Every structure is written in structure tokens, then in C-alpha cells.
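The values are calculated or read from the model by the stated rules, or taken from the named source; none is laboratory data. Please read all numbers here as calculations on a predicted model, not as lab measurements. Here the Cβ is made from the backbone with ideal geometry for all residues, glycine too, and neighbour counts use every protein chain on show.
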Amino acid sequence: MDCIILGLLLLKRRTIYQLRERIDKGLNMMYSSSMGSIQAAVKKLLNKGYIQYEETVENGKYKKIYDITDGGKRYFFEWVNSPIETYSKNPELAKLYFMGFSIKEKCEENLQKHILQLKKQYDVLNAICKDGENADVPDGNKDIFLYQLAAARYGRDFLEFNIKWYQNFHDEIRKIGNRNV
């Protein structure tokens, strides 16, 4: 979460609510967009001196507008220039692994709910990708945008794979006879 926030602040200054809104729109597959997780990361970044804020009042409302510091930029660029790490952990698979202990009807119901959630996430990322493919990006930001769009396409394609996989598995277990634990 730390580097996501630093990267967003590198693009432009934002309030904590603007950070949350941006994370909600396409980055929530990477990290939670809960206000608690964002506030915890902001506090940590402030304590390390990687970000700072300016207090303002707009339309009678008190706001803190966060910005990245030089130290935050160094930390971010060190992170972004390091090799991509391979993570193979998927906590959702633990539930799938033990789902055989569940009642068949519950398995089918929960898999269908999961597929619907995946489809909703897919629709959001697909819209972001379509908008991105038609976006008019200034020359100075084309390289940055290329990678941001690639991350959105990866997320969309990953979700498409998961939807198909879970749908096929859902169809497979529907063919299995009733079983109860």
C-alpha cells in the first residue's frame, strides 16, 4: 500500500479521500481501499518522512492535501526499479481446498456468488481499459500511462480467467451427486 500511495502522490497531490477514490477505481485488486488501511499507510509514510501535507480550508471544510517528499520519491523509485517479485499466495484457494467439507448446495451457492463478484470487478476493469484505450495522453505521460493500462489489462484478463475457471468448476460440481457433511 505504501508504494501505491507514493505513486499516486507522485502523479498529483491528493487528499486522503481522493487517494481512496483512486484506489477504488482500478487499484483495489492490488490493495484494500478501506479508509483504515489507507490511513494506516499514510500515517506510516508521514512518520518516515516520505510524505507531507498542507492544511487548507475549502468551502468551510478542513482538508489535508498530501504530497510526496524527496525522500518518498527516492524510496518509490528504488521500489519501482527493483525486480518484480513473484507471489503465488492466494488466500481464497484455502476455502476452495476445504470446500469438500461443506454442503453441496452451499458450495454451489458460494461459488455462484464468487463468480458474480468476479464479474463485477471485471466490468469495472474492462471499462477502465476501454476508457484508457481511447484516452488522449500527453506525450510526457505516455510511458507512465502505458504501464498503468497494462496493469488494468492484466487485472481484467486475470479476472476473465478466474471467471471461466470458477464457472467450469461450478458446472462440474453441479454434475456431482448430493453429498452432505
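Annotation note: Cβ proximity below 8 Å between a residue of the range 1-16 that is under 10 Å from Val42 (Cβ atoms) and a residue that is in a helix (DSSP H, G or I) and charged (D, E, K, R) (sequence gap 6+ or interchain) occurs for Asp2/Lys44. Evaluation of Leu116 against the conditions (1) loosely packed, with under 13 Cβ neighbours inside 10 Å; (2) in contact (Cβ under 8 Å) with a residue 60 or more places away in the chain; (3) of a type outside the set (Ser, Thr, Tyr) shows that the sole unmet condition is (2).
Name the single residue that is surrounded by the most Cβ atoms within 10 Å (Cβ to Cβ) among those in the range 126-181 being part of a helix (DSSP H, G or I) and of a type in the set (Lys, Arg). So, considering only residues that are part of a helix (DSSP H, G or I) and of a type in the set (Lys, Arg), the one surrounded by the most Cβ atoms within 10 Å (Cβ to Cβ) is Arg156.
Here is a list: Lys106, Lys89, Lys120, Lys113. Which entry is in a loop (DSSP other than H, G, I, E, B) and either farther than 21 Å from Ile173 by Cα or not aromatic (Phe, Trp, Tyr) (or both)?
Only one candidate qualifies: Lys89.
Here is the figure for the range 50-84: residues that are closer than 13 Å to Arg13 by Cβ and within 23 Å of the chain's Cα centre (by Cα) total 6. Checked against (1) closer than 23 Å to Val124 by Cα; (2) within 15 Å of the chain's Cα centre (by Cα), Asp2 passes all but condition (1).
Between Leu45, Leu96, which is under 22 Å from Asp24 (Cβ atoms), out of contact with any Lys or Arg (no Cβ under 9 Å at 6 or more places or on another chain) and surrounded by 10 or more Cβ atoms within 10 Å (Cβ to Cβ)? Walk me through how you get there before you give the answer.
Values: Leu96 fails: under 22 Å from Asp24 (Cβ atoms).
The match here is Leu45.
Among the residues of the range 51-66, are any closer than 22 Å to Tyr154 by Cβ and either assigned by TED's automatic domain parsing to the domain that holds His170 or in contact with a helix residue (DSSP H, G or I) (Cβ under 7 Å, 6 or more places away or on another chain) (or both)? No, there is no match, as no residue in the range 51-66 is closer than 22 Å to Tyr154 by Cβ and either assigned by TED's automatic domain parsing to the domain that holds His170 or in contact with a helix residue (DSSP H, G or I) (Cβ under 7 Å, 6 or more places away or on another chain) (or both). For the range 9-43, a tally of residues being aliphatic (A, V, I, L, M), in a helix (DSSP H, G or I) and modelled with pLDDT under 90 returns 5. Pairs please, first residue from the range 71-94 and within 30 Å of Cys107 (Cβ to Cβ), second anywhere and at pLDDT below 80, Cβ atoms under 6 Å, 6+ apart in sequence or on different chains. Note: no pairs meet the criteria.
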